[in-house]
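To keep things clear, I will list the structure first and then write my remarks on it.
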Amino acid sequence: MDSCELPHLDEIFGVLRLGGHLCAEDGMHFYKLRDHFDDYHRLFSALGFDLVRHDRDFFYFRSDSDLGKEATEMAVFFFVLVDALGDEGANIGDTIFKEEFRVSELPHFRKQSHRQCMAEVNVTATEDLEKIVKRMERYGFTTRTRGDFFRFRLPAWRFIDLCYDASKKNEEETQ
Amino acid sequence: MAVTLKNFFYFGHKYHQLLAALFETGEAADAASLRALIERHIDETAPSMETIEEQLLSYGILEQTPYSDTTFELRAEVRDLLAWIQKRQVLATADVIRGYLNQLRDLTKELQELSDAENYPGVVHPLTDLDRALEKIRAHGLGNYESIATQVQELQSQHGEVPPRERFQMINRIWNRMLRPLRQLIDDRGPIEERFDHLNSLLKELADAPRIPRAIQRRASHSRARLARTRRDLMVSHNNAVREVEPLYEQLRLDSRLLEGASRLLKVVRQQGAAVLELDARMCLEGWRPRGLFSDDYLQSRLTGLSDYEPDDEAVLGDPLPIVTYEPLRRQQILDVLYDACPINDVLQLVLEYWSERPLIDRLKIFASIHRGDFGLCQPLAEAAEQTYPTDLVELRAWPMKLEHVER
C-alpha cells in the first residue's frame, strides 16, 4: 500500500510520536495499525521510528535516544502498587486490570519501605502521585474513569514484563 | 465399653460439632484443651464432661498419642471417615497409588499361576483382594479430586487473608507433588495402564474360557467390570482435579512471579537507588517535549549555569589599519589601455600588472568585464597551457585569454 494511503496515519503517528501506546480500546486507530502493521512499520522505520508490536497486542515506538526519566518514576510507582496489593492478599493480576484505583487512596505511603522507594524517585506526596498518574495517562498506561479514579490499560503489561524479568533472573541466579 | 455401629453413630449424631471441631484442630490435644473443646460443643442436656471424654476414648474415636499419656488425637480411621464425609481427604500421592499397583502386580501373578495350574477355586481369594485393591485405587482417585476441589475453593476464598505467595506455595505443592506425578502414572502409556491391560487380559480369559467353572467365570467377570470402572473413574477424577487446580495454579504462579519480581526491584531501589535499574533505557519511551525547548539536559544545565557569567574585558588587537580608497575606474580608461595594448595574448597578465597598485578584487572585476566581452571578443589562447599568476595574497591559476582588438 502506498504510504500516503495508510489510514489514520496522522492521528496514529501523532499518538505514537508522543510516546503513546495504542491498544484495542483505542478503537479504529489500533485496528488499522494492526491490519496494516507491515506497511506502517516500513514507513515509520524510514522516518527513524521503531514501531513495536507487543505480544499482548498493543503498539508503541521504541526510542533509542532522548530518553526521559519518566519511565523510572512510573515503573517504581507500579512496583510499589503491586507490592502493596500483595500485602493485602489480593489476586494481583486480576486486580491490576479489573479494578479501579483512587489516587487519594493509593497505598504508596503506608509502609516505610514504600515511602523510601517513592522518595528515591522524588515522590513524597499525593500530589506527586497525581502527576505520575497523569503522566501514565499520557503514555496510554492508564485511563481516567471518573473523578480521581483510574484504571490500568493493556500497555501496563510493559511494567509487568519488568517484574517477570526480575523474577526470572532471580530463578536463574538461585539454580 | 465396646464400640458398636449404633453407639458410634448415635454419639456422632449427638456430638457432630464436637467431632468436626476435633477434626479441625488437626493436632493432638492435651487434657485441658480437650475439656475446653468438649465444653464449647455440648449443651445443658449433655452428660458430664468426664462421661463424654470417656466415651470418646472407649468408642475408639480418640486415642492417646504415642509420646504422652495426657495428649489425645483422633484415631486414623475416624479421621479418614470424617475427612471423607467433609471431602477433605488426605491426598494420595503417586507413591501410594504405586503401592497398590505393586499389589495388583502380585495378585495378577498369583491369578496367572493358579489359572495355569487350573486351580480355579483358588482364584476366589486373590479376586477378592483384587477387588479391594481396585476400590482403594478408585477411592483414592475420587478422594483426591474432592479434597483438591475443597482446597481450591478455600484458596480462592482466602484472597485478602492469605498473601499470594503462601497461596501459591499451597497450590504449587498440590500441582507438583500430587497431580504431575499422578499424571505420569496414569498416562496412556504409563505404568497403571500397562498393569490394567495385563490384568484385564487375564480376567477376560478367566471370564470367557469354557473350561472354567461358571461361578468362577462370573466372579472374574465382576472383577473385570470393577477394573473397567476403576480405570474410567481414576482418569475422570484426575482430569477433574487438574481442571480444578490448573486455572488457579496458573493465576497464582503468575501472581507470585509478579510479586516476587516487584519485590526484588524495590529492594534494589531501596538499597542502591532507582538509576541502577536503568528503567528509562529498558522502557525506551519516546520523549514527550513541546517544540522549542532544549532536549539536551546537559546543554540546558550548561546554559542555566551561564546565566550569571561575566565575560572578561576584550583583548586589544592593536591600532586599526589605514583605509585606502581608490577612485573607481571609468570604462573609457580601461578601453584606452586595452586599445593601446591590442593584440593582447594574456589579458589577465596585463590586468594584474597594469593596475598592480589596485586591490586584487578590483583587478579581478576588470578582468571579468573583459572576459565577459564588454570590450570585444575575448577567447582562450589556442594551445596554451594553464598558467599561474602570483599576487601578493594568492596565486591564481587560469588559462590565458586573448583579446585581438577592442571596439571603440
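The values are calculated or read from the model by the stated rules, or taken from the named source; none is laboratory data. A quick note: this is a predicted structure, and the numbers were derived from the prediction, not measured. Note: ideal-geometry Cβ built from the backbone for every residue, glycine included; neighbour counts use all protein chains shown. In case anyone asks, the SASA skips ligands and DNA or RNA and just uses the protein heavy atoms, side chains included. Shrake-Rupley method; radii C 1.70, N 1.55, O 1.52, S 1.80 Å.
May I ask you to derive the relative contact order of the stretch A:84-175, considering only C-alpha pairs under 8 Å and at least 6 residues apart, and to give it as an integer percent? Walk me through the intermediate numbers first.
Working: 64 pairs, mean separation 25.6, N = 92.
Dividing the mean separation by the residue count of the stretch A:84-175 yields 28 percent.
May I ask for the net charge around A:Arg151, where only other residues with Cβ less than 9 Å from the Cβ of A:Arg151 are counted and Lys, Arg are +1 while Asp, Glu are -1? Don't skip to the end; give the middle numbers.
Numbers: positive: A:Lys98, A:Arg144, A:Arg153; negative: A:Glu99, A:Glu100.
The answer is +1.
Using DSSP to define loop residues, name the chymotrypsin sites (Phe, Trp or Tyr not before Pro) in the stretch A:6-41 whose beta-carbon has at most 10 other beta-carbon atoms within 10 Å.
Numbers: sites: A:Phe13, A:Phe30, A:Tyr31, A:Phe37, A:Tyr40; in loops: none.
In loop regions of the stretch A:6-41 (DSSP not H, G, I, E or B), there are no sparsely surrounded chymotrypsin sites (Phe, Trp or Tyr not before Pro).
Rounded to the nearest 20 debye, what is the charge dipole size of the protein assembly as shown about its Cα centre when +1 sits on each Lys and Arg Cβ and -1 on each Asp and Glu Cβ? Don't skip to the answer; put the middle values down first.
Working: 75 positive and 99 negative charges, 663 e Å.
It comes to approximately 3180 debye.
Send over a whole-number figure in Å² for the accessible area per residue of chain B, probe 1.4 Å.
For chain B, the per-residue accessible area is 62 Å².
With the dipole of chain B worked out from charges on the C-beta (+1 for Lys and Arg, -1 for Asp and Glu) around the Cα centre, which of B:Leu101, B:Trp175, B:Ala228 lies farthest toward the positive end?
Sorting the options by dipole projection puts first B:Ala228.
Tell me which of B:Ile323, A:His114, B:Val351 sits at the most positive position along the dipole axis of the protein assembly as shown, charges placed on C-beta atoms (Lys, Arg +1; Asp, Glu -1).
A:His114
Among the chymotrypsin sites (Phe, Trp or Tyr not before Pro) in the stretch B:1-74, which ones are in a DSSP loop with at most 15 other Cβ atoms within 10 Å of the Cβ? Mind listing them?
Working: sites: B:Phe8, B:Phe9, B:Tyr10, B:Phe11, B:Tyr15, B:Phe23, B:Tyr59, B:Tyr67, B:Phe72; in loops: B:Tyr15, B:Tyr59, B:Tyr67.
Passing both the DSSP loop test and the Cβ count: B:Tyr67.
Given a 1.4 angstrom probe, I'd like the percentage of the accessible area of chain A that is carbon and sulfur, rounded to a whole number. If you can, show how the numbers build up before the last one.
Working: 3770 of 8460 Å².
Carbon and sulfur atoms account for 45 percent of the accessible area of chain A.
Could you tell me the relative contact order of the stretch A:38-132? Use alpha-carbon pairs under 8 Å, at least six residues apart, and round to a whole percent. Write down the numbers at each step before the final one.
Details: 56 pairs, mean separation 19.5, N = 95.
Computed over the stretch A:38-132, the figure is 21 percent.
Give the angle, between 0 and 90 degrees and rounded to the nearest 10, that separates the Cα long axis of helix A:37-46 from the longest principal axis of the Cα atoms of chain A.
Its long axis makes an angle of about 90 degrees.
Could I have the simple spin-label model distance between A:Asp10 and B:Glu39, label points 7 Å from Cα toward Cβ, reported in nm to one decimal?
Each label point is offset 7 Å from its Cα along the Cβ direction, giving 8.4 nm.
Have a look at chain B and give its Rg and Dmax from the Cα atoms, expressed in angstrom.
In Å, with Rg to one decimal and Dmax whole: 54.3, 158.
Treat every Asp and Glu Cβ in the stretch B:1-77 as -1 and every Lys and Arg Cβ as +1, leave all other atoms uncharged, and give the resulting dipole magnitude about the Cα centre to the nearest 20 debye. Intermediate results must be reported in sequence, preceding the final value.
Values: 5 positive and 13 negative charges, 59 e Å.
For the stretch B:1-77, the charge dipole is close to 280 debye.
Could you work out [θ]222 nm for chain B from helices alone, using -39500 (n - 2.57) per DSSP H run of at least four and dividing by all its residues? Round to the nearest 500 deg cm²/dmol. Each step should come with its number before you reach the end.
Working: 16 runs with 247 residues, N = 408.
Calculated at 222 nm, the ellipticity per residue is -20000 deg cm²/dmol.
To the nearest 10 square angstrom, what accessible area does A:Ser45 show with a 1.4 Å probe?
Only protein atoms counted, so the area is about 70 Å².
How big a patch of accessible area, both sides summed and in Å² to the nearest 100, lies buried between A and B at a 1.4 Å probe?
On the way: alone 10410 and 27330 Å², together 33680 Å².
The contact between B and A buries close to 4100 Å².
Which of the listed residues, B:Ala207, B:Ala21, A:Phe150, is farthest toward the dipole's positive end in the protein assembly as shown, when Lys, Arg count +1 and Asp, Glu count -1 at the beta-carbon?
Value computed over the given set: B:Ala207.
What's the longest bit of chain B with no exposed GluC sites (Glu not before Pro), using DSSP loop states and at most 14 other Cβ atoms within 10 Å as the test?
Working: sites that count: B:Glu27, B:Glu44, B:Glu118, B:Glu161, B:Glu278, B:Glu314, B:Glu357, B:Glu383, B:Glu386, B:Glu404, B:Glu407.
Result for the longest clean stretch: B:162-277.
Can you pull out the trypsin sites (Lys or Arg not before Pro) in the stretch A:99-137 that DSSP calls coil and that have at most 13 other Cβ atoms within 10 Å? Please list the in-between numbers first.
Working: sites: A:Arg102, A:Arg110, A:Lys111, A:Arg115, A:Lys131, A:Lys134, A:Arg135; in loops: A:Arg110, A:Lys111.
Within the stretch A:99-137, the qualifying trypsin sites (Lys or Arg not before Pro) (loop, at most 13 other Cβ atoms within 10 Å) are A:Arg110.
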